[in-house]
Amino acid sequence: MLPYYGVNTTYQFCFIRTLFILCLGISSGSLHASDNYSIAPVDSNETGSVIREIMVQTQYSPTSYVFLGKTPNSSSHRYSLGMVFSNRMRLFNTDFLYSVRWHPYLSYHYSKRDQGGRLDTVHGWAFDPLGLVKYKSLNKSTYLETAFYGGFAYVSSHFPTDKGRRLNFTFEGQVSLKQVLDSKYILSLGTSYHHISNAQTGKENPGIDSLYLIAKISYLFTQ
């Protein structure tokens, strides 16, 4: 079990309700995904088709590291839901997905450096307009996903210190193992390096570098 830091009951309710709605939509087939759809774009010669993903995920980092950021020893735990829009493309004779991701934070727990490491919670949203995703098929129903995202996040209070900013910029590299539960429903387990900072636009720019463990449930469909 991942550590629990006393998530506000409103966020717990939203998270549970989102899971219920997601499962209900999958079971009813209301999104009418193609029965023969494969999650691996490299398995298809089609180009230009849009792949959409509805996701619910949790991410946990036991500590932070000083790399691009300046905040050490800050654990964090994030709950988020969102949408990913992807388009097949070829780059250097290799098939990729160009992806745009929008994922509101139901809650984001982190250790506040300027208050002695006290756990604090914010909520908000993140938008990543720059995403590049690559799949590798391991067998008929299991895939390895490598993804890179860049964008920004806006949260409910100054972050990650009182002299930081609400608007911050992010970069994330992910590696995930994706298991197809049926033609539409995907379970992902993986890890990521995540950087968030205000790019010197605040009074302080502490930044946080985290190595996250990720668990995600997705519903995929094409357009």
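On the given criteria, is residue 24 in a helix (DSSP H, G or I), modelled with pLDDT under 80 and open to solvent by 30 Å² or more (accessible area, probe 1.4 Å)?
Yes; evaluated as a whole, the condition is true for this residue.
In the set 31, 19, which member is at pLDDT below 50, open to solvent by 40 Å² or more (accessible area, probe 1.4 Å) and in contact with a helix residue (DSSP H, G or I) (Cβ under 7 Å, 6 or more places away or on another chain)?
None of the other options fit; the residue is 31.
Mind telling me which of the residues 163, 184, 140 ends up being touching a helix residue (DSSP H, G or I) at 6+ places or on another chain (Cβ under 9 Å), open to solvent by 50 Å² or more (accessible area, probe 1.4 Å) and among the charged types (D, E, K, R)?
Only one candidate passes the filter, namely 163.
Yes/no per residue for (1) part of a strand (DSSP E or B); (2) at pLDDT 95 or above; (3) in contact with a Leu (Cβ under 8 Å, 6 or more places away or on another chain); (4) within 20 Å of residue 102 (Cα to Cα):
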{"residue": "163", "(1), (2), (3), (4)": "no, no, no, no"}
{"residue": "167", "(1), (2), (3), (4)": "yes, yes, no, yes"}
{"residue": "170", "(1), (2), (3), (4)": "yes, yes, no, yes"}
{"residue": "174", "(1), (2), (3), (4)": "yes, yes, no, yes"}
{"residue": "182", "(1), (2), (3), (4)": "no, no, no, no"}
{"residue": "189", "(1), (2), (3), (4)": "yes, yes, yes, yes"}
{"residue": "192", "(1), (2), (3), (4)": "yes, yes, yes, yes"}
{"residue": "200", "(1), (2), (3), (4)": "no, no, no, no"}
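Quick check on residue 149: is it crowded, with 21+ Cβ neighbours inside 10 Å, at pLDDT below 95 and of a type outside the set (S, T, N, Q)?
no
For residue 74, state whether it is over 19 Å from residue 151 (Cα atoms) and either part of a strand (DSSP E or B) or open to solvent by less than 70 Å² (accessible area, probe 1.4 Å) (or both).
Spelling it out, residue 74 is indeed over 19 Å from residue 151 (Cα atoms) and either part of a strand (DSSP E or B) or open to solvent by less than 70 Å² (accessible area, probe 1.4 Å) (or both).
Please go through segment 90-107 and give me each residue that is within 21 Å of residue 147 (Cα to Cα) and open to solvent by less than 60 Å² (accessible area, probe 1.4 Å), ordered by number.
Passing the criteria: 91, 94, 95, 96, 97, 99, 100, 101, 103, 104, 105.
Any idea which of 97, 132, 144 is out of contact with any Lys or Arg (no Cβ under 7 Å at 6 or more places or on another chain) and either aliphatic (A, V, I, L, M) or closer than 15 Å to residue 212 by Cα (or both)?
Exactly one of 97, 132, 144 is out of contact with any Lys or Arg (no Cβ under 7 Å at 6 or more places or on another chain) and either aliphatic (A, V, I, L, M) or closer than 15 Å to residue 212 by Cα (or both), namely 132.
Return the total of residues in segment 62-72 being of a type in the set (S, T, N, Q) and under 24 Å from residue 201 (Cβ atoms).
Here the count works out to 2.
Being open to solvent by 60 Å² or more (accessible area, probe 1.4 Å), free of Cβ contacts under 8 Å to residues at least 60 places away in the same chain and more than 20 Å from residue 64 (Cα to Cα) is the filter here, so list the residues in segment 190-223 that pass it.
Selection gives 201, 203.
Under 6 Å between Cβ atoms, which residue pairs at least 6 apart in sequence (or on different chains) link something in segment 136-154 that is under 17 Å from residue 181 (Cβ atoms) with a partner that is open to solvent by less than 50 Å² (accessible area, probe 1.4 Å) and basic (Lys, Arg)?
The qualifying pairs are 143/178; 145/178.
Select from segment 101-135 the residues that are at pLDDT 90 or above and among the hydrophobic types (A, V, I, L, M, F, W, C) and list them in ascending order.
Result: 102, 106, 122, 125, 126, 127, 130, 132, 133.
The values are calculated or read from the model by the stated rules, or taken from the named source; none is laboratory data. Because the structure is a prediction, the values reported are computed rather than measured. Every residue, glycine among them, receives a Cβ derived from its backbone with ideal geometry; neighbour counts consider all protein chains shown. The area values use the complete protein model at the heavy-atom level, side chains included, leaving out ligands, DNA and RNA. Shrake-Rupley method; radii C 1.70, N 1.55, O 1.52, S 1.80 Å.
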